[in-house]
1. Just wondering, is there one or more residues in segment 40-63 that are touching a helix residue (DSSP H, G or I) at 6+ places or on another chain (Cβ under 8 Å) and not in a helix (DSSP H, G or I)?
2. Spot the failing condition for L87; the list is (1) outside any loop (DSSP other than H, G, I, E, B); (2) in contact (Cβ under 8 Å) with a residue 60 or more places away in the chain; (3) surrounded by 15 or more Cβ atoms within 10 Å (Cβ to Cβ), and only one is missed.
3. Mind checking which residues of segment 37-65 are within 17 Å of K119 (Cβ to Cβ) and without any contact (Cβ under 8 Å) to a residue 24 or more places away in the chain?
4. Only residues that are among the hydrophobic types (A, V, I, L, M, F, W, C) and over 17 Å from A117 (Cα atoms): list them for segment 66-105, please.
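Just so you know, all these numbers are worked out from the coordinates, no wet-lab data involved. None of these values were measured; they are calculated from a predicted model. Neighbour counts are summed over all protein chains in view; Cβ atoms, including those assigned to glycine, are modelled from backbone coordinates with ideal geometry.
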Amino acid sequence: MKTPYHERLPDVPAPALFPREPGQSLSVRAEVVSYGDDRRTRGLRTLNAVTGDAGVAVVEQLRDIAPDLADWIVDFSYGDVLSRPGLDGRTRQLATIAALTSLGNAQPQLKVHVTGALKLGCRPQEIIEVILQMAVFAGFPAAINALAVAREVFDAAK
């Protein structure tokens, strides 16, 4: 019998398949995650776990002007993507900080995600290192602006 290309994964965080284990096939396999709950419930749970009140407030502020965007953030961003089992929350937050730093114009969102990174156990120095690395790829102004946001979050957490 032919092995299916897609593998269904349960809604249980599992260790990432990378790097490959010795003897593991070099072929690329797409993973399809099969969830036991609906994406809205999963999204709200993940949003709260990552961003707490700050993220929930952002979504709620959008409901009166753009309810569809609020739903997309919860359902797609947090329910489908950020809740996937392939990466842990800390890694996802560091990647998000890198992306928001690179944009250079997303300081409010960066503030929420730096706070979320601390909530998920990232150390301030790890966050600073990610931002410093973005100076190479996004430019010094983007890194300087992101460091100002990080300083604000770190000072508020003291």
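1. Within segment 40-63 (the criterion being touching a helix residue (DSSP H, G or I) at 6+ places or on another chain (Cβ under 8 Å) and not in a helix (DSSP H, G or I)), the answer is no, since none of the residues qualifies.
2. Of everything listed in (1) outside any loop (DSSP other than H, G, I, E, B); (2) in contact (Cβ under 8 Å) with a residue 60 or more places away in the chain; (3) surrounded by 15 or more Cβ atoms within 10 Å (Cβ to Cβ), L87 misses just condition (1).
3. Correct list: N48, D53, V56, A57, V59.
4. Applying the first criterion (among the hydrophobic types (A, V, I, L, M, F, W, C)) to segment 66-105 yields 66, 69-70, 72-74, 76, 81-82, 87, 94-95, 97-100, 103.
A66, L69, A70, W72, I73, V74, F76, L103, listed by residue number.
Residue by residue, here is whether (1) touching a strand residue (DSSP E or B) at 6+ places or on another chain (Cβ under 7 Å); (2) of a type outside the set (K, R); (3) more than 25 Å from V136 (Cα to Cα); (4) surrounded by 22 or more Cβ atoms within 10 Å (Cβ to Cβ) holds:
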| position | (1), (2), (3), (4) |
| --- | --- |
| G55 | no, yes, yes, yes |
| L62 | no, yes, yes, no |
| A95 | no, yes, no, no |
| S102 | no, yes, no, no |
| L118 | no, yes, no, no |
